[in-house]
There are 2 protein chains.
Amino acid sequence: MNGAESLVKTLLQNGVDTVFANPGTSEMHFVAALDSHPEMTCVLCLFEGGTSGAADGYFRMKRDVAGTLLHLAPGVGNAYANLHNARKATSGIVSIVGDHATHHLRYESPLKGDIVGISQAVSHWTRVSPDAACVAHDGAEVIRAARADNGQIATLILPANTAWDPATGPAVSLPPAALTRPSSAEVAAAAARLKTEGAALMIGGEALFGPLRQLAGQIAAETGCRLMVDTLIPRISKGAGSAKIDQLVYPVDPKIAQLAHTSSITLVGTDRPVAFFAYPGKPSVPEPATCVIADLCTPRMDIEWTLQALADAVGVNAQSRPRTYALDLPDIPTGTLTLDKVGRALAALLPENAILCNESVTSGFHVMPPTATARPHDLLSGTGGAIGLCMPCATGAATACPDQKVIALVGDGSAMYTLQSLWTMARESLDVTVIVFANKGYQILRDELTNVGVESYGQNARAMFDVENPTLDWVSLAKGHGVPASRTDDMDSFVRALKAGLDSDGPSLIEVVCP
Amino acid sequence: MNGAESLVKTLLQNGVDTVFANPGTSEMHFVAALDSHPEMTCVLCLFEGGTSGAADGYFRMKRDVAGTLLHLAPGVGNAYANLHNARKATSGIVSIVGDHATHHLRYESPLKGDIVGISQAVSHWTRVSPDAACVAHDGAEVIRAARADNGQIATLILPANTAWDPATGPAVSLPPAALTRPSSAEVAAAAARLKTEGAALMIGGEALFGPLRQLAGQIAAETGCRLMVDTLIPRISKGAGSAKIDQLVYPVDPKIAQLAHTSSITLVGTDRPVAFFAYPGKPSVPEPATCVIADLCTPRMDIEWTLQALADAVGVNAQSRPRTYALDLPDIPTGTLTLDKVGRALAALLPENAILCNESVTSGFHVMPPTATARPHDLLSGTGGAIGLCMPCATGAATACPDQKVIALVGDGSAMYTLQSLWTMARESLDVTVIVFANKGYQILRDELTNVGVESYGQNARAMFDVENPTLDWVSLAKGHGVPASRTDDMDSFVRALKAGLDSDGPSLIEVVCP
């Protein structure tokens, strides 16, 4: 057995059975080892941004880690933006990166690069395996690190000789470290605070879906506090039956207005709210100066324990009834296409238990609101502000949950970043309906230029904001990747295409020509 | 005037008038400043790998720096692979990266990231501008750094407030530092060494094209040494009239054979030859153990001075005649398509002064040889082993040289990495003919798996090496980006498409269905 085989066996024995891969020559022995273990699922992505985004989407739905297989420093570079997004989403990823053999690193070969440097610029945990005898143990360590603290980016760098030299066998799994918990005094203080006028409970992480979301709703019902969630969230239960929650909006001034009368924000599983960007003369944080920010449980602490302790402290019981969204399906709109109508059609047709991946940016402001009362579903959003997450994330979510419908809502600017994921959807027959909002530009930048005080703009700004001349043809782009597609510019054609996408089992793409 | 305006004026006054851009909100004031200076050419790339690859191609042809405009750490991540390639090509790039306003960085906002960390993992020079008053001077410094030592990756990070706060004015240009030169004794020793049996002169950088290439040929003629060049080179004059030169091949064993009887390798403008990868039981360096490696002039030293000093020392004069390639155009092949025939057709039709960008990897082994005796042209190749360079590099070369025909030869696996560059070619009406070799897989990895001793392989290796099920449709992919395209599977259709591409002024794409 060589090092690579010992690592593959370690991954499998530790429950890591899916790898999103784009390997190169330095990973050949690892590929050979994967090849002799068909129980490992290897999903090829034609660009590494697809691998890291897919591993992120996989974690968000599966609540466990997948691997990515990357090729030296440029491979990590290509994966970087979606590793950044995954880091901000508190997703765990086991990132395996091949390097040159140790003895080869003294020479300036073409692919020699600073893998440790780029990895440390985004990973929580980075290790270079020193020799083949260590690879199995390092494999168990990278898995433990990826699962630690609710999910981390953990990177194991494998010089080629550590893969091809002899090793003894796989390593046993390492027990995860216990999560940090707040003190009883902190919980009691939070319980008292939530009952005061103007108190908000802002939740994140696993508190946003499943039973914990309902528990949070019960806490709000018992205390009278306002239940809140930040703007960008990795995963949230939405639709009928989920506990009502106020979400902070993206623009600074309305965000400030949302928190105008807030006396305290108790955080469980989320960081304090912050403006996405700084603007001249505007504050970085949206709450009033008098508002107390109480960091009861960070995203890295024990969210489940904290929420249960808080529920006990405020007296939640079987009779505590959270306010929930009632099912309210809109009529399916017809006629001229508008984004609001697209949102209503989506809300009307969204199947129960669907997974919605949203990176529709400005279009989403119009499309998303009606889905609040749709059938129960999960929503996954961009968390790190790096565009190009949506289609990879949908790929990973669909891989993790083959029995659920996945719908990806994505702006054309964002979709272009990682359009190669369309091919992986086709290759793996993933049940994803991609809806591209073709507004022919970076609409958010047009808005942001206005935000910084520029009222009209000229040729260079237009050159950088408009994606026109030529117009992207998404039907051809999808077809080129092997995904059937249609262009829709009225509600009838959109509804027909959406129904067809949801009725079929494989991927499809709908281009929405934005009015 | 604000900091952003002072920087744009500094760039223009220092001769940087082209920026390959994909900006975001943190760069809005810089965009506004660019917008008020229409004499700055702003080229939008729909993915940052396009910006860095284009700046690399621009430098290779223009011999001066362009800018890239990137958005925080994920923007640098997306640009990273082609920054790596540019670094290995000794190309200079002025990389401007927007960051959050300084006061905003204390908060964990979505896009906060380790820009300095990722920049330092690939840049030679990184600086964070501390305030608006410093931005102009820092701009002059980043330009000087990018031009230093024959070309460096130089990154200036601009917190948003340094762009929007008041500044005084542009900075004057800073004199470049003098390049290091070898001593007279080293030159004399090299001159003597080149006259001995088995001596090789290996050249790189600007010695590979223009008058220095001929000078190197004259040195070889006077000394009887063998003139050589490494495998991966940023730019080389090729075709009729250029001095004959032996290029090292990619595979290790033939590379070792090429150097079997070499007693010394004198390096001018290039690093010592190294195996691309390490393999079990094979050496990292290809020369015999007895061969002297003489590092006369590194890629960062004064190549022109050194080559002239060496020429003087060996007695080059007006009568020194280099061995050159004679024009020998093949007949245009017909019938069944083979890669060798494609190479002959290309050699026959290649216009004088064309720029050939080559990332055709395994297909190139067959396609490139006939171009040795084609009309005089420049060849640009991948230098850092990170695939996805070709189409961005062609974009930059065509921007730098609007009067020259550009032909991009690219494998399908490589082309998928940065296919968004097709749109930029269309938007800018760049005169690029892209030839995609569709062999439906990472052919080099199939070969490399054999190299590490695996004779047959199974489902997981096939899943990661084959780009099939579905087959990529390059005609549709090109059409989607606004580039006309055709699929060719016999020589008549290929020749017709190539002639049409060369006859038109804008971009086009030819999919070659590999036999």
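Bear in mind that the values in this text are calculations on the coordinates, not laboratory data. All figures in this text were calculated on a predicted structure; none of them were measured in a lab. For neighbour counting, all protein chains shown are included, and Cβ atoms are generated from backbone atoms with ideal geometry for every residue, glycine included.
Applied to the range A:30-40, the Karplus parametrisation 6.51 cos²θ - 1.76 cosθ + 1.60 on θ = phi - 60° returns per-residue 3J(HN,Hα) values of 5, 4, 4, 5, 4, 5, 8, 10, x, 6, 7 Hz, with x for Gly and Pro. Once a ≥ b ≥ c are taken as the square roots of the eigenvalues of the Cα gyration tensor of the range B:211-335, is the result rounded (a/c under 1.5), prolate (a/b larger than b/c) or oblate (a/b not larger than b/c)? The shape class here is oblate. A helix-only calculation puts the protein assembly as shown at -11000 deg cm²/dmol for mean residue ellipticity at 222 nm, using -39500 (n - 2.57) for each DSSP H run of at least four residues, averaged over all residues. For the rotational copy pair A/B, the chain A residue whose Cβ lies nearest the symmetry axis, together with its distance in Å, is A:476, 2.
Rounded, prolate or oblate: pick one for chain A, where a ≥ b ≥ c are the square roots of the eigenvalues of its C-alpha gyration tensor, a/c under 1.5 means rounded, and failing that, prolate if a/b is larger than b/c, else oblate. Note, shape of chain A comes out oblate.
Note on the protein assembly as shown: Cα-only Rg and Dmax are 29.1, 103 Å.
Dividing the convex hull volume of the alpha-carbon atoms in the range A:404-515 by its residue count gives 110 Å³ per residue.
Exposure proxy shown here: for A:493, A:6, B:183, B:421, the number of other Cβ atoms within 10 Å sets the order, fewest to most, as B:183, A:493, A:6, B:421. Distances between copies of residue B:183, taken at a point 7 Å out from Cα along the Cα→Cβ vector and listed shortest first: 6.9 nm. Distances between placed amide hydrogens fall under 5 Å for residue A:296 paired with A:267, all partners being 5 or more residues away or on another chain.
For every other residue with a beta carbon closer than 15 angstrom to the beta carbon of residue A:50, add +1 if it is Lys or Arg and -1 if Asp or Glu, then tell me the sum.
It works out to a net charge of -3.
Hey, what did the range B:198-268 get for relative contact order, percent, Cα under 8 Å, at least 6 apart?
Contact order relative to length: 46 percent.
For chain B, the dipole from Cβ point charges (+1 on Lys and Arg, -1 on Asp and Glu) about the Cα centre works out to 800 debye, to the nearest 20. Counting only other chain Cβ atoms within 10 Å of each residue's Cβ, the peptide B:482-495 averages 1. Its relative contact order, with pairs defined as Cα atoms under 8 Å and 6+ residues apart, puts the range B:339-513 at 22 percent. Sequence-ordered 3J(HN,Hα) estimates for the range A:364-373 from the Karplus curve with 6.51, -1.76 and 1.60 and θ = phi - 60° stand at x, 3, 8, 7, 6, x, x, 6, 4, 10 Hz, glycine and proline given as x. Rounded to the nearest 20 Debye, what is the dipole magnitude of the range B:339-513 about its Cα centre when Lys and Arg each give +1 and Asp and Glu each give -1 at the C-beta? My answer is approximately 100 debye.
Under a 5 Å amide H cut-off, with hydrogens placed 1.01 Å from N, residue B:99 pairs with B:158, B:160 among residues at least 5 apart or on other chains. Computed from backbone phi, the HN-Hα couplings of the range B:292-303 come to 7, 9, 10, 8, 5, 8, 6, x, 9, 9, 7, 5 Hz, rounded to whole numbers (Karplus: 6.51 cos²θ - 1.76 cosθ + 1.60, θ = phi - 60°; Gly and Pro given as x).
Take A:490, B:412 and order them by how many other Cβ atoms sit within 10 Å, fewest up front.
A:490, B:412
Distances between copies at residue B:340, taken between label points 7 Å from Cα along the C-beta direction, are 6.9 nm in increasing order.
Among the GluC sites (Glu not before Pro) in the range A:435-515, those placed in a DSSP loop whose Cβ has at most 11 other Cβ atoms within 10 Å are A:455. What does the charge count near residue A:60 come to, summing +1 for each Lys or Arg and -1 for each Asp or Glu among other residues with Cβ under 11 Å from its Cβ? Once all neighbours under 11 Å are counted, the net charge is -1.
In chain B, taking the dipole from charged Cβ atoms about the Cα centre, the farthest positive-side position among B:259, B:397, B:299 is held by B:259.
Think of the range A:120-270 as having a plus end and a minus end, set by charges on the Cβ of Lys, Arg, Asp and Glu; of A:228, A:161, A:173, A:228 sits farthest toward the positive end of this dipole.
Each copy carries residue A:36; placing its label point 7 Å along the C-beta direction from Cα gives inter-copy distances of 6.7 nm, listed from smallest up. For residue A:68, nonlocal amide neighbours, meaning residues 5 or more places apart or on other chains whose placed amide H falls under 5 Å from its own, are A:20, A:94, A:95, A:96.
State the Cα centre-to-centre distance between the range B:27-47 and the range B:205-264 in whole Å. A separation of 41 Å, based on Cα centres. In a DSSP loop and with at most 15 other Cβ atoms within 10 Å, the trypsin sites (Lys or Arg not before Pro) in the range A:66-124 are A:106. The ranking of A:334, B:223, A:290 from fewest to most other beta carbons within 10 Å of each one's beta carbon is A:290, A:334, B:223. The relative contact order of the range B:3-164, computed from alpha carbon pairs under 8 Å that lie at least 6 residues apart in sequence, is 28 percent.
From the alpha carbon centroid of the range A:332-366 to that of the range A:182-203 is 36 Å. Cα centroids of the range A:448-508 and the range B:440-489: 27 Å apart.
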